[in-house]
Structure formats: C-alpha cells, structure tokens
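The structure under discussion appears below in the form of structure tokens.
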Amino acid sequence: MTLLRHILSKLGWYAAAFAAALALNFFLPRLLPGNPVDTLIGQALRGHASSDTKQRVYETYVREFGLDQNLWSQFLTYIGKTLQGDFGTSFSRYPSDVATMIGDALPWTIALQLPAVLLGWLIGNLVGAVAAYRRGGFDRGVYLSSLFLTAAPYYCLAVLLLYGLAVALPLFPTGGGWSFGNHPEWTAVFAVDAVSHWFLPFLSLLLVFIGGQAIGMRSMAVYEVDADYVRFAESFGLADRKIIGYIFRNGMLPQITGLALAIGTLVGGALLTEIVFSYPGIGTLLYDAILNKDYPVIQAVTLLVLIVVLVANFLVDVLYGLIDPRIRAAERGER
Amino acid sequence: MKALKALPARFHAAAAVFLLIAAAGVIGPLVATAGPGDLLGGPFLPPGPDFLLGTDHLGRSVGVQLVHGIRTSLYIGLLAGVAGTVLGVLIGTLAGYRGGLVDEILMGLTNIMITVPAIIVLLLLSISLDTRSVTVMGICIGAVSWPWTARAVRSQIASLRQREHVDIARLSGSRTWRIIAVELLPYMMSYIVMAFVIQLYGAILAEAALSLLGLGPAGTASLGVMLHWAIAWESIRGGQWWVFLTPTVFITAITFSLLLVQSSLDTVFNPRLRDRKAAR
C-alpha cells in the first residue's frame, strides 16, 4: 500500500514536471518579444531562398501552428498533434516527416547509449568500491583519473579519442554509422562495418560513465569502509573480495539515486558525443537541424529528450522504492 | 591563512593552472595586435614563428582567438556562476527559513527544475532569442542553474535554524533579514564558496555545449565556438591538430582545475574526508 502511495506521489511530481516541460517547449519560442513566426521565417530564410521556398515554409507554419487561432487553442492543437505522434514536416529535408526522421535516428542512439550507461555503471561502481577499500596509491590513481574523465566534457574526450585512434593511428573509421558505399541492411557485412563505427563513440561514453560512477561510489564507500561491519569482517580474516562485495551493496543505494539525477546530463552529453563522430543518431540530427534552422525537428528532439529523461527518472524512483524499505517508511513520516 | 596551508598540494597546483589561464584571458586580448575575426594568413597554417598556434579554416590566428575565447568563456561563467549562486542561496534560504507553504512551493519548483535537463531549456531559450550576446547567455545559464544550490542550501538552513543562538536572536527581537545575515549565512560560507566553484564549472561547460551545437554567442570567439568551427570544418579528420586541440585542451584544463579546487576544499571542510592517510 505504502509502495503504491510512493509511486503515485512520484507520478504526480513527474506529471507536473512533464506539463512544465511541454509548456516550455511550446511557449518559450513564442513568448519572447516580436512575432515569433516572422522571426523564425526571417531566420530560416535569411539570404538565398526562392519565393517558392518562402511560400512553402510560411504555409507549413500556418498549417502546423494554426496561426489564425489564439495562443491557447494553438497549444491545445499542438498537444493533440503531439499525442498522435505527429511532429510536422521538416524544413530542411522537405517533405520528410519529422516523426520518420526521428524514428530512423533513434535506434542508433539507443544502441550507443544503453550499453554504455549500463556497463559504465557496473564497472564504475566496482572500481570505486575497490578504490575506497584498498586506499593508498591505487585509490589516488583511480580518483584522479576518474576526476579527469568527469571533468573533461564528454565531447573533449571524444575529440581526443577520434584523433588518436582514427586519424593519427588509423585503427578505427573516422566517423559516421557505416562506410561509404554501404547502406543499412540486415547482413553480416554491414553488421561488422556498423560495429567498427560504433566502437569508438561507445568507448568514449563508457569511459566517461565509468569515471563519474567511480567518483560517486568512492565517496559513498569511504563512509562504509570505516563501518563496524567492515572491521568485524576483517578481524575474521574474510577475503577482500567478499568485503568489497558488502561495501558495494551498501554503497549502491545512493548510487541509484545518483544515476537518476545524472540521466539528464548523461543523455545531453552523449548527444554531443555523436556530433564529434558524425554518428547518425539523435544528436547529429539535432545538430543538423540547428544549423539549418529546422525548427520542427529541433522541437521534436527536445520533447523526445525531455520525455526520455522524465520516464527514466521515474523508473529509477520506482526501483528505489522497491529495493529500499527505508524510502517507503520516510514517505509516511517526516521528510 | 592556516586553513590555506592545510589544503593539499593539488589544490595549489590546480588553482595556479586556473589563475594562469584566467590571466591569459584578461591580459591576452589587451596585448594582441589583431582581433579574433581578422584574417591574417592562409587557411590551416601549422604553428610557426608567425602564428604560435597556427591559423584556422579562414586564416584567423588560433592564438588570438584563444585568448579572446578564454575571456568570453570566463565572463559568461562568472556572470552565470554569480547569478546561479545568488539565486540558489536566496531561494534555498527563503524556503528553509520560512518553511510551511513557501517551502513546499519553492521546493516543488526546484524539484521540477532539477528533473528537466538544463541543457534542453537553454537550447529552447537560445533558438528563441534573436540576439545572443555574451551577457544574455550568461544570464540565461545562471537562470537555469540555481536549483542544485537551492536544494542543498535549504536543507542546511532548515537544520541551522533550530540552533539555540538563532532562537535567542529571534526572542531578542532581531529582524528576519538580520537573523539570516548574522546568525545563519556565516555558518554556510564554506559551502557557498564550494557551490560557487561548481556553478562556475557548470556554466563554462554549458556555454561550451551550447556553442558546440551552433548556439554560441554572436560575433565573438569562445572556447566552445572555436571547437564548433573546428568540428564543422573537419579539422580532426583533416589532421589539423592545432585547430581542435587548442580549445579541447583549454576547456579540459579549466574544468579539471576547477573540479580539483572544489574537491580539495571539500576534503578540508568535510571532517570525514580529512586526513585519511595510512589508516591501514
């Protein structure tokens, strides 16, 4: 019962956050001074554009945003269309459907981020727990290199890896999702090609995630290492591996919250990494859309990222309530 | 002074690196004979006696752009860092000290702002703005970065206000702002300093990320803008290492040194992390 209440109250918070995000996504480009649509069209068509293009863009806007209506009914129209999965038509790749473009890019991003996040979380936490327990030189080495990996923004590490392992030492392809002349299909040749392109961006994300998690776990485990149960186990002569296992399990709970709070940063950083490698995912789609002032694509991508981050946060919160009984207790009592 | 000596060696090293880079950003633009946008030589000239750091795809000096870029990035970082810290401390203090409904509302807002990724809000703001001057960018970044500070300050204030000296001040008729300024904030100075360093770090990263996406400040160089052009003109694949390596190295050096400063301050202020040497 209490678990259900925990989930429901979280659901309420996320519904509020989602409403705020949806409103931001819609109103922010419209609330600023000047007629936003004229500004958009002016920016989109600055310089060379045929009158045909101008007319097309203008009609797209009028149709999509229902400009003859007031702001509130425009918002309702927007929500209605969004719920049907209709994100409008791309400006730069007219008449491509925005929903289709996102559908094409999404699998690449998922294939890149999901394994990197999960593996990075596991390896990073293990390394952090071991570092806190061993102390000394190993600890200092892990701490400083993790700090370096998290301090340097994702794309900086990506730039260094790309230059080091693809240009200076040509071990990997220099970017893209597959080789020139190849095209996506379900064959072994293409799979091998795609994996060799996938590896470098994956490695770059993995290293950053390991660093971030190791730092968090280490600072948690520092408190655990001094706990009585560790001293007790040591006096027994228990194997280090066993003790580290206990420390890992105790330090893991706060780390799950850490994962929830970090998801936004992770997704954002990973999208920027794609740009460095010209990887054909959501990040590169967003980058191209910004360069071409393709507003329907930009807004669809921001909405998608907002939804993914909120859903991931919610799932972690539910998971946390499931595995830690103290959380459920706290929901009932004082904060 | 004594506290400064207690800081680990890596604090001094990191602080020195940061101050050196900042000095380059302050002095460099003053002594440079050319502007960051001036076309001075052929495209992609490697480093040599004429151009210490070579030229970019248009023939602009990378070295001149670098010092201007550092200045822009630090200016945006400082502006956003101050704005974010002040907003966070104000909102956190108000929520923690008042409690009740004010607390509920402010913390609800804070939790929503924390859940919605800041980079997305900044992206939406940036595409909506007609002019992206450095000042506007700094204010925008500051306006979305306060929630972390607010949440932490609130929980500290909520526990501090239950201390006896606060009760005494309240009973002796001190005004609310006096209690906050004299009885509460001094206990949090160490925390606020650390929060500011983190805000500065986050703001410099946010500027770089936005600029990398092509939403950087208009009409000037910044470290992120330099990296954006380096990637857009394929200098990595072309092997022109001086073009992309310069902004990459300096962004990393600035953020790494700031994080080191913050973490060594933490070891001094946090007694549990203090002096963990040779326990085993």
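The values are calculated or read from the model by the stated rules, or taken from the named source; none is laboratory data. Being a predicted model, the structure only gives us computed values, none of them experimental. Cβ atoms come from the backbone with ideal geometry, glycine included; neighbour counts cover every protein chain shown.
Worth pointing out:
- Taking the conditions (1) in a loop (DSSP other than H, G, I, E, B); (2) within 14 Å of another protein chain (Cβ to nearest Cβ); (3) more than 29 Å from residue A:154 (Cβ to Cβ) in turn, residue B:158 satisfies each one other than (1).
- Across the stretch A:157-182, the qualifying residues are those that are exposed (fewer than 15 other Cβ atoms within 10 Å of the Cβ) and on the phi < 0 side of the Ramachandran plot, and the one among them that is nearest to the other protein chains (Cβ to nearest Cβ) is A:168.
- Among the conditions (1) without any contact (Cβ under 8 Å) to a residue 24 or more places away in the chain; (2) surrounded by 19 or more Cβ atoms within 10 Å (Cβ to Cβ), residue B:165 misses just one, which is (2).
- Some residue of the stretch A:244-251 being away from chain B (no Cβ under 14 Å) and modelled with pLDDT of 85 or more: no
- Where helices (runs of 4 or more DSSP H) sit wholly within the stretch A:1-78, none has at least 3 residues that are at pLDDT below 70, away from chain B (no Cβ under 12 Å) and loosely packed, with under 11 Cβ neighbours inside 10 Å.
- Within the stretch A:143-156, tally of residues that are buried (at least 22 other Cβ atoms within 10 Å of the Cβ) and either farther than 30 Å from residue B:230 by Cβ or of a type outside the set (Ser, Thr, Tyr) (or both): 4
- When residues of the stretch A:268-323 are limited to those that are aromatic (Phe, Trp, Tyr) and more than 10 Å from chain B (Cβ to nearest Cβ), the one farthest from residue B:244 (Cα to Cα): A:320
- For residue A:196, the conditions (1) within 11 Å of another protein chain (Cβ to nearest Cβ); (2) in contact (Cβ under 8 Å) with a residue 24 or more places away in the chain; (3) surrounded by fewer than 15 Cβ atoms within 10 Å (Cβ to Cβ) are fulfilled apart from (1).
- Yes/no for residue B:63 being within 20 Å of residue B:224 (Cα to Cα) and either of a type in the set (Val, Ile, Thr) or touching a Phe, Trp or Tyr at 6+ places or on another chain (Cβ under 9 Å) (or both): yes
- Scope the stretch B:117-145; condition β-branched (Val, Ile, Thr) and either in contact (Cβ under 8 Å) with a residue 60 or more places away in the chain or more than 9 Å from every other protein chain (Cβ to nearest Cβ) (or both); matching residues: B:119, B:127, B:131, B:134, B:135, B:136, B:139, B:141, B:144
- Subset tally (residues that are out of contact with any Phe, Trp or Tyr (no Cβ under 8 Å at 6 or more places or on another chain), crowded, with 23+ Cβ neighbours inside 10 Å and of a type in the set (A, V, I, L, M)) for the stretch B:68-95: 5
- The condition of being at pLDDT below 90, outside any helix (DSSP H, G or I) and more than 14 Å from chain A (Cβ to nearest Cβ) does not hold for residue B:190.
- Looking only at residues of the stretch B:25-59 that are charged (D, E, K, R) and in contact with a helix residue (DSSP H, G or I) (Cβ under 9 Å, 6 or more places away or on another chain), we find that the one that is nearest to residue B:239 (Cα to Cα) is B:56.
- Count of residues meeting criterion [among the aromatic types (Phe, Trp, Tyr) and without any contact (Cβ under 8 Å) to a residue 60 or more places away in the chain] in the stretch B:229-244: 2
- Of everything listed in (1) surrounded by fewer than 19 Cβ atoms within 10 Å (Cβ to Cβ); (2) modelled with pLDDT of 80 or more; (3) small (Gly, Ala, Ser), the single unmet condition for residue A:211 is (1).
- Failed item, numbered, when residue B:114 is tested on (1) over 20 Å from the mean Cα position of the chain (by Cα); (2) within 14 Å of chain A (Cβ to nearest Cβ); (3) assigned to a helix (DSSP H, G or I): (1)
- Qualifying residue in the stretch B:33-54 (condition: β-branched (Val, Ile, Thr), more than 30 Å from residue B:184 (Cβ to Cβ) and assigned to a helix (DSSP H, G or I)): no
Residue by residue, here is whether (1) over 24 Å from residue B:37 (Cβ atoms); (2) out of contact with any helix residue (DSSP H, G or I) (no Cβ under 8 Å at 6 or more places or on another chain) holds:
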residue	(1), (2)
B:131	no, yes
B:134	no, no
B:168	yes, yes
B:183	yes, no
B:187	yes, no
B:190	yes, no
B:224	no, no
B:231	no, no
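- When A:120, A:124, A:103 are screened for being under 24 Å from residue A:276 (Cβ atoms), loosely packed, with under 15 Cβ neighbours inside 10 Å and away from chain B (no Cβ under 14 Å), only A:103 passes.
- Of all residues in the stretch B:181-196, those that are among the β-branched types (Val, Ile, Thr) have Cβ atoms under 9 Å from Cβ atoms of residues that are not in a helix (DSSP H, G or I), 6 or more apart or on another chain, in B:182/B:174.
- Residue list for the stretch B:213-269, restricted to those being aromatic (Phe, Trp, Tyr) and either facing chain A (nearest Cβ under 8 Å) or assigned to a loop (DSSP other than H, G, I, E, B) (or both): B:233, B:241, B:244, B:256
- With respect to the stated conditions, residue B:98 is surrounded by fewer than 19 Cβ atoms within 10 Å (Cβ to Cβ), out of contact with any Gly (no Cβ under 6 Å at 6 or more places or on another chain), over 21 Å from residue B:198 (Cβ atoms) and more than 14 Å from chain A (Cβ to nearest Cβ).
- Residue within the stretch A:173-187 that is touching a residue at least 60 places away in the same chain (Cβ under 8 Å), under 17 Å from residue A:115 (Cα atoms) and not basic (Lys, Arg) present: yes
- The residue that is surrounded by the most Cβ atoms within 10 Å (Cβ to Cβ), among those in the stretch B:206-250 that are on the phi < 0 side of the Ramachandran plot and either charged (D, E, K, R) or touching a His at 6+ places or on another chain (Cβ under 6 Å) (or both), is B:207.
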